[in-house]
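I have placed the structure first, in the form of structure tokens, so that the comments after it can refer back to it.
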Amino acid sequence: MLFIVAIIFAMIQGMQANAFVEKTWDEIYVTENVADDFYVAWGQIDINNSLSWDLVVAGGQIVINSEIWQDLMVLGWQISVDWSVWDDVRIAGWDVTIDSNIDGDLVVWAWSVRINKWVKIWGDLVVWAWRLIMNWEVMWKAKWAVWQLVLNGTIHWNAEMDVGEFSNPSTTGIIEWNLNYKSDKKIQALEKASKGTVVFEKSIMKETENKTLFSFFIPFIIIKLLWLFLFSILFYLYFQKFFSTVSYQLCHQIWKSFLYGFLTIIWIPFVIVLLMITVIWIPFGLLLLCWYIFMFVFLELLNVLVFTSFFVDKYNITQLHKKILVLLGLTIVFWFISGINVLVWFFTLWAIAIKKMEMLQSVRSEQSHW
């Protein structure tokens with residue numbers, strides 16, 4: 001986030017000073033000479049001409065195919081630096097490949113980072129990533145926070161890292177000086193790769209996070225499950241006859257209910273959009289949107305109520321405590337197997353809608369009678 005703000009701020013500052021070149025397009029191929037700081041944004045970006053000043057790039061797929069003589073800042077999805085950068089490099093992205101020398105420091109925040117063979121990082125290498133594959137040389141310090149570390153190259157100075165898994169498949173990975181690392185447990189292969197002093201510190205962050213998540217989510221799950229169960233009892237006791245009729249409709253029109261329920265879920269968003277693009281029908285579109293959201297919020301509750309009625313009627317359960325046990329069992333099932341709720345809802349939704357339409361028709365017929 002700070003990196004994005006920095007890029008935007010730099011571009012605004014450049015606009016105010018009128019001392020930069022800026023381009024935006026879906027696909028950009030830079031081949032011209034630029035004698036100033038260069039800012040490029042959006043789409044697929046290929047830099048194919050040497051730049052003597054700073055380069056700031058933001059886009060999707062970014063390829064640096066020419067020398068950058070000053071700082072390079074990149075924000076993107078898939079990033080490849082294939083030519084030398086003679087100053088510092090800052091990168092934030094998803095998949096990052098460094099295939100040429102970096103004369104200054106290299107700082108990367110990404111999911112996957114690969115530093116290929118014959119690539120020298122002449123300054124510090126700082127990485128936050130899920131996976132780091134380092135195949136050649138870091139001439140100064142290495143500071144890494146990665147889960148999967150593959151070290152096939154040489155770190156010529158001290159290394160500090162927080163690492164989960166380590167491998168040295170080529171057996172050529174070496175740390176020339178001291179190693180200070182954190183992990184869940186000691187990593188013997190990593191310690192053997194260091195020629196200097198090794199300091200290990202057990203990482204308790206993961207254990208603390210797990211305990212914190214456990215202490216938060218368990219009460220949350222219990223409370224939410226309890227509220228779902230209590231609401232199920234309340235609605236079922238007051239509207240038992242209604243949901244009994246719904247389950248009856250569902251049993252006699254099961255595939256019709258599924259088809260109409262599926263079509264309802266698919267077509268309602270289109271109807272909402274059509275209503276919202278007009279002026280006079282916007283309130284109805286908002287009302288339909290609220291109803292649509294309401295259905296998704298309470299789908300677990302509706303499923304529990306309809307299927308409780310189904311089991312109660314099918315097995316002729318009359319005792320109150322047995323009905324409550326059925327409610328409790330189905331509440332637990334629909335809560336923990338939440339993935340089936342939408343699928344089951346295709347069946348129950350239209351059955352509920354049919355019952356509501358029957359009720360409306362009966363009200364209208366009574367009004368016409370009076």
* Please verify whether segment 160-168 includes one or more residues that are within 25 Å of VAL96 (Cα to Cα), among the polar types (S, T, N, Q) and in contact (Cβ under 8 Å) with a residue 24 or more places away in the chain. => yes
* Somewhere in segment 164-174, is a residue acidic (Asp, Glu), crowded, with 17+ Cβ neighbours inside 10 Å, at negative phi and assigned to a strand (DSSP E or B)? -> no
* To do: Tell me, please, whether a residue that is among the aliphatic types (A, V, I, L, M), over 23 Å from the mean Cα position of the chain (by Cα) and closer than 19 Å to ASN180 by Cα can be found in segment 115-126.
  => yes
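Name the residue, out of GLY59, GLY93, GLY14, that is in contact with a strand residue (DSSP E or B) (Cβ under 8 Å, 6 or more places away or on another chain), under 26 Å from TRP128 (Cβ atoms) and modelled with pLDDT under 85.
When all the criteria are applied, what remains is GLY59.
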* **Those residues of segment 106-128 which are assigned to a strand (DSSP E or B) and buried (at least 20 other Cβ atoms within 10 Å of the Cβ), in sequence order** => LEU106, VAL108, VAL113, ILE115, ILE121, LEU125, VAL127
* Name the single residue, out of those in segment 80-105 being in a loop (DSSP other than H, G, I, E, B) and farther than 15 Å from TRP136 by Cβ, that is nearest to the chain's Cα centre (by Cα). => TRP94
* Complete set of residues in segment 277-299 that are part of a helix (DSSP H, G or I), modelled with pLDDT under 75 and not hydroxyl-bearing (Ser, Thr, Tyr) -> TRP291, ILE293, PHE294, MET295, PHE296, VAL297, LEU299
* **Near pairs, Cβ below 7 angstrom, 6+ apart or cross-chain, from segment 180-196 (surrounded by fewer than 14 Cβ atoms within 10 Å (Cβ to Cβ)) to any residue that is charged (D, E, K, R) and at pLDDT 90 or above** => LYS195/GLU176
* Asked: What number goes with the only condition from (1) touching a Pro at 6+ places or on another chain (Cβ under 9 Å); (2) more than 24 Å from SER100 (Cβ to Cβ) that ASN152 does not pass?
  -> (2)
* Asked: Of LEU349, LEU305, which residue is assigned to a helix (DSSP H, G or I), at pLDDT 75 or above and in the same structural domain as TRP267 (by TED's automatic domain parsing)?
  -> LEU305
* Structure fact -> Scanning segment 189-226 residue by residue, those of a type in the set (S, T, N, Q) and either at pLDDT below 75 or closer than 16 Å to TRP147 by Cα (or both) turn out to be SER203, THR208, ASN210, THR212, SER215
* Members of segment 252-276 found to be at pLDDT 75 or above, under 30 Å from LYS224 (Cβ atoms) and surrounded by fewer than 14 Cβ atoms within 10 Å (Cβ to Cβ), listed by number -> PRO269
* When you go through (1) in a strand (DSSP E or B); (2) among the small types (Gly, Ala, Ser); (3) out of contact with any Asp or Glu (no Cβ under 8 Å at 6 or more places or on another chain) one by one for ALA145, which number turns out not to apply? -> (3)
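Give the residue that is farthest from ASN168 (Cα to Cα), with candidates limited to residues of segment 179-201 that are assigned to a loop (DSSP other than H, G, I, E, B) and among the β-branched types (Val, Ile, Thr).
The initial filter retains those residues of segment 179-201 that are assigned to a loop (DSSP other than H, G, I, E, B), namely 184-187, 193, 195-197.
Still in the running and among the β-branched types (Val, Ile, Thr): 187, 197.
Working: ILE187: 12, THR197: 19 Å.
Out of the qualifying residues, it is THR197.
Let's see how each residue does on (1) among the charged types (D, E, K, R); (2) assigned by TED's automatic domain parsing to the domain that holds ASP37; (3) farther than 25 Å from SER183 by Cβ; (4) at pLDDT below 95:
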{"residue": "SER52", "(1), (2), (3), (4)": "no, yes, yes, yes"}
{"residue": "ASN65", "(1), (2), (3), (4)": "no, yes, yes, yes"}
{"residue": "TRP77", "(1), (2), (3), (4)": "no, yes, yes, yes"}
{"residue": "ASP82", "(1), (2), (3), (4)": "yes, yes, yes, yes"}
{"residue": "VAL113", "(1), (2), (3), (4)": "no, yes, no, no"}
{"residue": "ILE133", "(1), (2), (3), (4)": "no, yes, no, no"}
{"residue": "ASN152", "(1), (2), (3), (4)": "no, yes, no, yes"}
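The values are calculated or read from the model by the stated rules, or taken from the named source; none is laboratory data. Keep in mind that what you see is a predicted model, and the values were worked out from it rather than measured. Neighbour counts are summed over all protein chains in view; Cβ atoms, including those assigned to glycine, are modelled from backbone coordinates with ideal geometry.
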